[in-house]
Structures are given as C-alpha cells and as structure tokens.
Ligand code: NOJ
Ligand code: CA
C-alpha cells in the first residue's frame, strides 16, 4: 500500500514537475510561456496494429498494457491513441457508434482503466481521439434520426428533403462516387457524409449535439485522461444555406469546407465547458487554409485550442520524390509564423500516411536505418510538440504490397473501384498506393522475428511487412546502435535541452539542395543541427565557425566534427 502511494507521488511528480528551468534573460513571448503540452513528446499508438493479446489477429488494449514498460523505455511523455470506442469499424474506429464504451475488438472499460493507470504510474499522459465531425451510421442518434422526419434526433445530422430536388454537390473523400450526399428512401431525403456513407456528419448548429459532445468529453476527462485530438474538426461547421460551389471546387475542397460559420463559437464553447475545467491539452487535425485560420485556432488569447497540425509539410513527399528546398521552405514559414504567438505540432507521419522513412528518407536496406535516424533527429530538434508514430522508432518502412487484396483501408478500396469505373490505369494506381496508401503505415508492429512478428499468435488483420525477421524491436534492443536506441537518445536530448522546445529556430543555407541546417537558440544556449537528406556526401555553408562546436549527438559512430556530412548524416552541435 505504502509502496503504491510512493509510486503515485513519484509518477505525479514526473508528470507535473517542469524538468529544467529556462534561462532568466529569455525574452517573454507566448511561445516561451512554459506548458507541459509544449514539452510533451507524444508517441502515437495505432491500437489495431500495436500488440494483440488475445490472439484474434487484432491489436487490443491488453496488448498495449503488456508493452507499457517498452513505451516507458522510449522516454516519451504522452501517448495518443487512435479511437478505441465502440465502432462497426468501417473506418477502423473513426466511425463511433458508442462514445462511452470500448470497441469489442479492443477490450473492455476495465482494460481502459488499467491502461490509463499503467500509463500514469509511469509518468505518461494519455491523449484520446475525439471523432465528432461525424458519428457512425450505427450510432443510436443516427438510427433515430433516420427513422422519421419528426424524430427529435432528426437535426442531429444534416438532411436534405428530396422534394427540394437534388442537393448542391458536396465532395466525399471516401465515397466510391465521391458524392457526400446519400439518398435514404426511408424518409425520402439525403444525408451528408464528408467521409464514408457510414460516417454521417453531425449537425453542430444544433445546441443539443454540442452538449452531447461536451458531456462525452467530460466523461473521459473525469476518468483522468490528459488530452483530446479533435478529428477532422476544421470541417465540423457547415454553411447550411448550402451554397453552390464553382465547378472544380472539389480539387481544393478544404478552401470551401474548412472553418465554416460559427466554428470558433463552438470551440470557445468547448473551451468553457471542457478545456478550462481540466488540465487537458487539445489539438486539432487540420489548421484551415491560412496562417490567420491557424492562429485563430491556437493563439492562447483566443481560448480555443492549444495546437493544431497542418498538412503542408507531409504533403510535400510525392511518389517521384520531393525537393528538400521546398520542404525547408514549408517548415520554415510555419515556424516563423508561430515564432511569437501560438503553437503547433511537428510530425512526418501518422496513421493516415505511408511510412516516414519510405516517403522522406530512403528505405533501401543500405540507408533505411541511417535515414530513419536522421528523420527522427529532425522531428525531435524542431520547435513544436513532436507527434511520433509507432514503428518509426524501429525504422519500419512500407511493406511493398502488390495486390489490391493486401489492402484493408476502406477509402483505398473505394477509390480503387472508382478508378476502375472511370477506366483508369490500374497498374499505375497500384504503384501509387504502394507508395502513399495509409495502410503502409498500419502493418503490425514488428516486435520480434517469430511468426507474425510477435504481434499476434494468429494471422493479423493486415499482412506483416516481410522484413520483420531483421527489422524488429527484439533485435534492436540488443544493438546499442540500433534505430530504436538512437530514438531513445534523441528523446533524451530533447528532454534535457529546453532550447529544443522553446528556442528560436533559424534556417541556414536555405538553397542547399541536400542539407537541412538550422540553429536553435535560447538565451546563451545555441545548438546547430545539420541533416543530410540525401545519399551522397554534402556540406552546408552555414558561416558558423565550428572550431569550438561540441557534438551532442550524431547518427554515425564518429559524427562529423567539421560539418562535412556523409549520406543521411545527422549531427547536433552545441556552439
Ligand atoms: C482523419 C483521421 O485521421 C482518419 O484516419 C479518418 O479516416 C478521417 N479523419 C475520418 O474520421
Ligand atoms: Ca486481439
């Protein structure tokens, strides 16, 4: 009992104690105002693919619990879990049919409570996914809503009565015809679904819907969770006068859909009802269409959200490569824009992206490890809260799926049918998805070299990457130079150096096509980061005298001391 109490105190201290004090003479701006969520290192777990405990081929909460010590060993300070609520799994949990219960595949509420406790005991916070732009069509609200035009739940969703004719076109990302209006004969009306037909959009104009959502959030906050990631929230508010958009609007639908009328009112309400009452962090998926939009979401004085994540940077990588100069431009303009006010997150991958090393590094066996380490160095040395995707710490890469039968993602399968319907070149489509489909990032976590990569005792819901015998956590634990152990050391570097969280970022040698070079400066502390993004030797012209530079960390056994970089070399210097 006493021991438990002591553990609890230690865990609480780990969570709440700021790790190191900042320099006294540091200039005071919103961006240097210390917050735990700015200092957090978030590890994203895709529960379906992390660890299967009961041997049905699907990852589950007990599986995550069995790996808590591994998670702790990474040094990360928060975990973001993709949705774990009851769901028919049209979109792997992003279609929620009961927001207050746990998906059967994943376990029970007791499992959840044990998971939360296990994380907190280890000083790790938990961020939950809130999917409230839409629900599942199997949610009781939608069942009622669809049952009759007079249902008290009718206005929980967006309906268009068919006697008005067909509704003004709206684009669905996931629908096989890309039509976001679905006709429902029961009440002779169309309902709106920006995502799949099984994900009807909730009507945020209805105050009852908002209250339901806030109550759900409080239910989880009362359980003691530490944050919310708001799924697709930039799309929640709609212009319900349903204007007709110009031809071709769908090519840039975010411009028409994002940050609709009253979105900020809804967020302020959410802040007053939920965020202001708990010590929770909030992060929105999507940041609108402009810096102004993004600031309006996250600036502290707005009292809306803590941070958002924009897609500009992850969208840079294309099947035929990308320009580093362009990538630098994108990250730099976002950083500069938020240097004084507001806060962002930093990421190169998540469950909606193919693997980071395949897209941004080089997953050729010769360079897979070294380029993974380089990309990890990048994420952990930038300003903004890092969101790091599970498996990237092993350097997991795209699995090289060849057939459409390898894929599970509903959006991809629907798009495949769509491409067939329009007579597209299907070979080219398969090549494209082998590079960019999000299933590439959803293959089972590679724990060891035994059957199914130690993820499950039976056939996993999606195939394991065939390289699991060589690329896995067990092998890497034993190797001090593994990608995994390197990840641990970069995490530690960030935790030991507040300059990496709060320090000013300055891009150097911006036209250099190979090297990403920047400084991070906080008071007297000055770090220089050099990253070679390519497979040949390269050097940055930084104008910095390296004579006194001290290497803090590098991804080669003997890091470059003079700024001459080998393929994919990454070095962090103290100046
Ligand atoms: C964004 C989520 O990250 C993605 O996985 C999901 O399919 C859509 N929102 C719809 O909820
Ligand atoms: Ca399972």
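Quick notes on this structure:
- Whichever residue in region 216-238 is on the phi < 0 side of the Ramachandran plot and out of contact with any helix residue (DSSP H, G or I) (no Cβ under 9 Å at 6 or more places or on another chain) and, among such residues, is surrounded by the fewest Cβ atoms within 10 Å (Cβ to Cβ): 222
- Verdict on residue 361 being assigned by TED's automatic domain parsing to the domain that holds residue 482, modelled with pLDDT of 95 or more, on the phi > 0 side of the Ramachandran plot and more than 16 Å from ligand 2 (Cβ to nearest atom): no
- Selection of first residues in region 74-92 that are under 18 Å from residue 309 (Cβ atoms) and of second residues that are within 16 Å of ligand 2 (Cβ to nearest atom) and assigned to a strand (DSSP E or B), restricted to Cβ pairs under 9 Å at least 6 apart or on distinct chains, gives the following pairs, ordered by first then second residue: 79/45; 80/45; 81/45; 82/45.
- Of everything in region 547-558 that is surrounded by 16 or more Cβ atoms within 10 Å (Cβ to Cβ) and within 31 Å of the chain's Cα centre (by Cα), the residue that is farthest from residue 492 (Cα to Cα) is 556.
- Evaluating residue 276 against the criteria (1) touching a residue at least 60 places away in the same chain (Cβ under 8 Å); (2) closer than 30 Å to residue 218 by Cβ; (3) more than 21 Å from the chain's Cα centre (by Cα) leaves one unmet condition, (1).
Quick grid of which residues meet (1) touching a strand residue (DSSP E or B) at 6+ places or on another chain (Cβ under 6 Å); (2) under 23 Å from residue 232 (Cβ atoms); (3) within 16 Å of ligand 2 (Cβ to nearest atom):
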| site | (1), (2), (3) |
| --- | --- |
| 278 | no, yes, no |
| 293 | no, yes, no |
| 298 | yes, yes, no |
| 318 | no, no, no |
| 326 | no, no, no |
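- The helices (runs of 4 or more DSSP H) found wholly in region 410-505 and carrying at least 2 residues that are over 29 Å from residue 382 (Cβ atoms) and out of contact with any helix residue (DSSP H, G or I) (no Cβ under 9 Å at 6 or more places or on another chain) occupy 410-421, 426-436.
Yes or no, residue by residue, for (1) in the same structural domain as residue 49 (by TED's automatic domain parsing); (2) in contact with a strand residue (DSSP E or B) (Cβ under 7 Å, 6 or more places away or on another chain); (3) over 19 Å from residue 285 (Cα atoms); (4) modelled with pLDDT of 95 or more:
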residue: 378; (1), (2), (3), (4): yes, yes, yes, yes
residue: 385; (1), (2), (3), (4): yes, yes, no, yes
residue: 389; (1), (2), (3), (4): yes, yes, no, yes
residue: 393; (1), (2), (3), (4): yes, no, yes, yes
residue: 411; (1), (2), (3), (4): no, no, no, yes
residue: 414; (1), (2), (3), (4): no, no, yes, yes
residue: 423; (1), (2), (3), (4): no, no, yes, yes
residue: 428; (1), (2), (3), (4): no, no, yes, yes
residue: 433; (1), (2), (3), (4): no, no, yes, yes
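- Residue match in region 83-102 (condition: away from ligand 1 (no atom under 15 Å from the Cβ) and crowded, with 24+ Cβ neighbours inside 10 Å): no
- Filter result for residue 325 (closer than 14 Å to residue 314 by Cβ, assigned by TED's automatic domain parsing to the domain that holds residue 306, touching a residue at least 12 places away in the same chain (Cβ under 8 Å) and in a helix (DSSP H, G or I)): no
- Of all the residues in region 254-265, those that are under 23 Å from the mean Cα position of the chain (by Cα) and either part of a helix (DSSP H, G or I) or loosely packed, with under 15 Cβ neighbours inside 10 Å (or both) number 5.
- Subset tally (residues that are in contact with a strand residue (DSSP E or B) (Cβ under 8 Å, 6 or more places away or on another chain) and not in a helix (DSSP H, G or I)) for region 196-223: 6
- Conditions (1) over 15 Å from residue 133 (Cα atoms); (2) away from ligand 1 (no atom under 15 Å from the Cβ); (3) surrounded by 15 or more Cβ atoms within 10 Å (Cβ to Cβ); (4) touching a residue at least 12 places away in the same chain (Cβ under 8 Å): number failed by residue 175: (2)
- The number of residues in region 33-73 that are away from ligand 2 (no atom under 16 Å from the Cβ), touching a strand residue (DSSP E or B) at 6+ places or on another chain (Cβ under 9 Å) and not in a helix (DSSP H, G or I) comes to 6.
- For residue 72, the conditions (1) buried (at least 19 other Cβ atoms within 10 Å of the Cβ); (2) closer than 26 Å to residue 345 by Cα are fulfilled apart from (1).
- From 247, 251, residue being outside any helix (DSSP H, G or I), outside the structural domain of residue 347 (by TED's automatic domain parsing) and either surrounded by 18 or more Cβ atoms within 10 Å (Cβ to Cβ) or away from ligand 2 (no atom under 16 Å from the Cβ) (or both): 247
For (1) under 17 Å from residue 42 (Cα atoms); (2) within 16 Å of ligand 2 (Cβ to nearest atom), each residue gets a yes or a no:
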{"site": "115", "(1), (2)": "yes, yes"}
{"site": "124", "(1), (2)": "yes, no"}
{"site": "135", "(1), (2)": "no, no"}
{"site": "160", "(1), (2)": "no, no"}
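- Complete set of residues in region 560-575 that are at pLDDT 95 or above and outside any strand (DSSP E or B): 566, 567, 568, 569, 575
- Hey, residue 491 touching a residue at least 60 places away in the same chain (Cβ under 8 Å) and more than 30 Å from residue 410 (Cβ to Cβ) or not: yes
The values are calculated or read from the model by the stated rules, or taken from the named source; none is laboratory data. Given the structure is predicted, the values throughout are model-derived calculations rather than measurements. Quick reminder, even Gly has a Cβ in these numbers, built from the backbone with ideal geometry, and neighbours come from all protein chains shown.
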